[in-house]
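Step one of this worksheet: look at the structure below.
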Amino acid sequence: MTTGQALRCPYSGDDRAVADPCADYLPLREEEPVRWDEDLEVWIVSGFRETTALLRHPALSAAWPRRDGTTTLHRDGEGGGRAAEVVRRWFMFNDDPEHAAARRIVAPLFAADRIAAMRPAVEALVDELLAGRPNGLEVMADLAVPLSSRVICRILGLPAEVAPRLHAWAPDIAALLIADYLPDVRTRGHRALQEIADVVDGTLRSDVPDGTGLALLSDAHRAGLIEQADIWATASLLIYAGFETTSTFIGKAVRAALHTGGWAGLRSGEPASVVDELLRFDTSVQQVARIATGQVEVAGHLIAEGDLVLLMLGVANRDPAVFPEPDVLDHGREIRRHLTFGYGAHYCLGAGLARLESEIVLERLTARWTQLLPDGPPVTRQHFGITVLERLAVRGAVS
């Protein structure tokens, strides 16, 4: 049994938010936890235990699939080849030992003691962003976006004036990862990656602060461990992942609390537990793709070599076999593990940072306002099949 204030999912069966990924993907629970989709020609895995097992299976590769329709890293064309060269080097799209070697270089940036030491700086940033907003704010533009962009620039060692550009780069890179078959998407994606490379090069020609991401990458390059292109690639990956997923989650967390009437529960709950339940409840990255490099047996099914597998993280986090009453937001729920940050070798390197930023935001907002109410409906848009939270205006009250 879960404990604490139990609040019904605001998305299931609710026409107001039918475009939300929660509503889009939750019907998959009515199917088998592992099934072959004839139309998409992919395996869809939605069960928690099955997804967990496959995330760490050695015969499932994180390298981008080499097949028609999912050819971001292999399609030629205007901007496509040059963009592919950068993205192909992202360590999230590589397997060990290449993945582990590249990840090891920047892992110190996200060590637990390093993240803990950042708390005062992040608290100061949140306080600065909330200053002069006594009655409310627009969560995305006023808080989530500037906070996550400024934090990741600080970690990488990029100038503060670069932070506002991340909001423009992120959707173009996201589109490239999904719909590279469109010429305009390839062009815009390449432009974003090239602009990041230019900013990185310009920063490296100046004094890069010791211990920052660019300093670590530059040292690794001088030591012959990586090539120049790997600096651009890793920087663009950290910029994209560190900004996009964290800002998205902050917005989703506030929205979920508002739509379930759960603001009071946030004030009374343990911050770390509250954040984990919100991460489980409305997962930022709903799915990840893997390609089978050999036969894989799971749940009585045989995945053949070369098959594409979609691991539905958001649906797995709502598996009733693992989470009692999974469509209930329970601020007191004790969670041993969720899959929001993945599992195994590719577990999200920035998980601790995302938790820190989210905890501080919720702490500061609940301390500031005993009540927080929507100031109009959330504004979302479809971006190549993914629902993006664009605007979430709220007004605060003290009782």
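Every number here is computed from the coordinates shown, using simple stated rules; none is lab data. Please read all numbers here as calculations on a predicted model, not as lab measurements. Here the Cβ positions follow ideal geometry from the backbone for every residue, glycine too, while neighbour counts run over all protein chains shown.
Divide by every residue of the chain the summed helix terms, -39500 (n - 2.57) for each DSSP H run of at least 4, and state the resulting mean residue ellipticity at 222 nm, rounded to the nearest 500 deg cm²/dmol. Write down the numbers at each step before the final one.
On the way: 15 runs with 176 residues, N = 399.
Estimated from H runs of four or more residues: -13500 deg cm²/dmol.
Set Lys and Arg Cβ to +1 and Asp and Glu Cβ to -1, take the dipole of the chain about its Cα centre, and tell me which of PHE323, ALA292, LEU216 lies farthest positive. Positive-most Cα among the choices belongs to LEU216.
From the Cα gyration tensor of region 83-235, with a ≥ b ≥ c the square roots of its eigenvalues, which class applies: rounded if a/c is under 1.5, or else prolate if a/b is larger than b/c, or else oblate? Intermediate values should be presented prior to the final figure.
Numbers: a/c = 1.92, a/b = 1.24, b/c = 1.55.
Oblate, since a/c reaches 1.5 and b/c is not below a/b.
Rounded if a/c is under 1.5, else prolate if a/b is larger than b/c, else oblate: which is region 332-391, with a ≥ b ≥ c the root eigenvalues of its Cα gyration tensor? It comes out oblate by the Cα gyration axes.
Dividing the Cα radius of gyration of the chain by its Kirkwood radius returns 0.95 for Rg/Rh.
Which value in Å is the Kirkwood Rh of region 136-206 over different Cα pairs? Walk me through the intermediate numbers first.
On the way: mean 1/r = 0.0757 Å⁻¹.
Hydrodynamic radius (Kirkwood, Cα pairs) of region 136-206 is 13.2 Å.
Distance between the modelled labels on ALA351 and TRP36, one decimal in nanometres: 3.3 nm (7 Å Cα→Cβ projection). Each peptide among 27-35, 280-288, 109-117 gets the average number of other Cβ atoms lying within 10 Å of its residues, and from highest to lowest they stand as 280-288, 27-35, 109-117. As a rough footprinting exposure proxy, the listed residues TYR240, TYR25 were ranked by other beta carbons within 10 Å of their own, and the order from fewest upward is TYR25, TYR240.
Shown for region 101-161 is the translational diffusion coefficient from the Stokes-Einstein equation, using the Kirkwood radius over Cα pairs, a temperature of 4 °C and a viscosity of 1.567 mPa s: 99 µm²/s. For the chain, DSSP calls about 90 percent of its internal beta bridges antiparallel. Fully extending the segment from ARG391 to GLU161, taken as 0.36 nm per residue of separation minus the present Cα-Cα distance, adds 80.5 nm.
In this structure, the amide hydrogen of VAL298, modeled 1.01 Å from its nitrogen in the peptide plane, lies closer than 5 angstrom to those of ILE303, counting only residues at least 5 positions away or on a different chain. FRET efficiency for the pair ASP201 and ARG88, taken as 1/(1 + (r/R0)^6) with r the Cβ-Cβ distance and R0 = 25 Å, rounds to 0.80.
Taking a span of 20 Å or more along the helix axis (Cα atoms) and a mean Kyte-Doolittle hydropathy of at least 0.5 as the rule, the DSSP H helices of the chain that qualify are 228-259. In a fully extended conformation the segment linking ALA59 and ARG337 would gain 97.8 nm over its present Cα-Cα distance, using 0.36 nm per residue.
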